[in-house]
Each structure stands twice: as C-alpha cells, then as structure tokens.
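Each remark here refers to the structure printed beneath this line.
Readers should treat all values here as calculations from the given coordinates under stated rules, not as data from a laboratory. As the structure is a computational prediction, the values presented were derived from the model and not from experiment. Note: ideal-geometry Cβ built from the backbone for every residue, glycine included; neighbour counts use all protein chains shown.
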Amino acid sequence: MALVDAQLSFRAMTREDFTLLSEWLATPHVSNWWREEFDLAAIEARYGPVIDGRDPTECFIVERDGHPVGFIQRYLFSDDPDRQRILAPAGTPDDAAGIDYFVGSPSLIGQGLGTQIIDRFVEDMWTRYPAIAAVVVDVSVDNRPSWRALEKAGFSRAWTGALDSDDPSDAGLNHVYLCRRDQG
Ligand SMILES: CC(C)(COP(=O)(O)OP(=O)(O)OC[C@H]1O[C@@H](n2cnc3c(N)ncnc32)[C@H](O)[C@@H]1OP(=O)(O)O)[C@@H](O)C(=O)NCCC(=O)NCCS
C-alpha cells in the first residue's frame, strides 16, 4: 500500500475513544514501550482530565482515510516542569514541546505510517505553539522503530543517557531527539 498518499487527520480524543485506547495500550508492540496501566479506570484517571480541560496535554486519535490508526499527544514543557527537569541534562531548550505516539495495530507498523504521523503532526505544532523552538522526544535506545521514525521525520539525536525519572517508560538508556523549528 502506498502510505505516502495516505490521508491522515488528527481529531481530539474523547471518552468514547477510551475502549479503543485501552485495546491499543494492551497490544504487546505498544505495551513493550508505553508502560502504563490500560484498564478503563486507569485510562479515566490519566486521560479524563485531558478531556475535561484540567490537564493542558492535548491527545489525538490519528485517522487514516477516516479510520482510527493510532494515538499522539503533545504538551508544552512550560506546562510540565517535571518533564522539563528530567530532560534538562539533555540540553533541551525551555521553550519546547514534547510528543508521544503509537501506531495502534501491529498489522500497520513497519510501513512508514509512524514516520508520516510524526512528520505531519510536528508540522502542525509550529503553528499551534508559535513560541516553541523545538519538539523533543525521549526514546529507549532499544526502541529502534521509534528513533528511526524520528530520524526519518527530521529529528536529530541530541543526547544519550539515563534519565532521572520514575516513569517506567523512561527505564534504561534513552536517546533524546530534537526537531528545531528551522529544521521542521
Ligand atoms: C514507533 C512507531 C510509531 C514507528 O512507526 P512505524 O510505522 O512502525 O515505523 P516506520 O514504518 O515509519 O519505520 C520506522 C523504522 O522502524 C523500523 N521498524 C518498523 N517495524 C519494525 C519491526 N517490526 N522490527 C524492526 N524494525 C522495525 C523500520 O525498519 C524503520 O526503520 P528503517 O527505515 O531504518 O528500516 C511504531 O512502531 C509504534 O507504534 N511502536 C510502539 C509504540 C512506541 O514505541 N511508541 C514510541 C514511544 S517513544
């Protein structure tokens, strides 16, 4: 399939998406790297405040030709000082934003979709967040599909090391990747 021609769109996640999100988070290719609880109560606790506007993180369902294929979220470092502190050793700029993402179905990975999702989403972020200088992602050194997708979407590796973080997804050695506004 020629994914380069795929029509991608990003729609704000709603509570009606929680069941699908739970199914995706339980899928091994996602749960290997996205290490958070995926029962509906945990999803309500984590994402309910986003839906209600009490958490400034923005969460989206990625659709291809009108069908849900994945998830992506973005947040400003200035709204998440703890994340900013954790990533500070990597020399990340304060005026930055972070993203996290996955392709939901194992049948869709390895076909260029993740690269395309990141590329399109970051392009939109320069307009959405006019004050940011860079988009930042930390990724396990063992998660080659993710850091290769970042590289192919225009990100550069800025740092490698262990993060001072309690988040299970940050365990072990991580690469920190940056896409600067003038690169994106
Ligand atoms: C990371 C992710 C979004 C990448 O999307 P994708 O559509 O699978 O990746 P792409 O097809 O765009 O290709 C990216 C690279 O991944 C590699 N890759 C993809 N699937 C792979 C697999 N099953 N085994 C090994 N490498 C794989 C490809 O080889 C490609 O690198 P290359 O061009 O150097 O060969 C997707 O794999 C995913 O959702 N993973 C689980 C969740 C996750 O890790 N999220 C990111 C946390 S930081």
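Values for this structure:
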item: Virtual spin-label span in nm between Trp126 and Ser156, 7 Å along Cα→Cβ; result: 1.5 nm
item: Structure-based [θ]222 nm, the chain - -39500 (n - 2.57) summed over DSSP H runs of at least 4, per residue, nearest 500; result: -9000 deg cm²/dmol
item: Neighbourhood net charge (11 Å Cβ-Cβ; Lys/Arg +1, Asp/Glu -1) for Ile132; result: +2
item: Near-label residues of region 26-45 by backbone N, under 12 Å of a point 7 Å along Cα→Cβ of Arg15; result: 44-45
item: Local net charge near Ala153, Cβ-Cβ under 10 Å (Lys/Arg +1, Asp/Glu -1); result: 0
item: Nonlocal amide H pairs with Ala96, under 5 Å, H built at 1.01 Å; result: Phe77, Ser78, Ala133
item: Region 7-180: relative contact order in percent, alpha carbon pairs under 8 Å with at least 6 residues between; result: 20 percent
item: Volume in Å³ per residue [convex hull over Cα atoms, computed for the chain]; result: 113 Å³
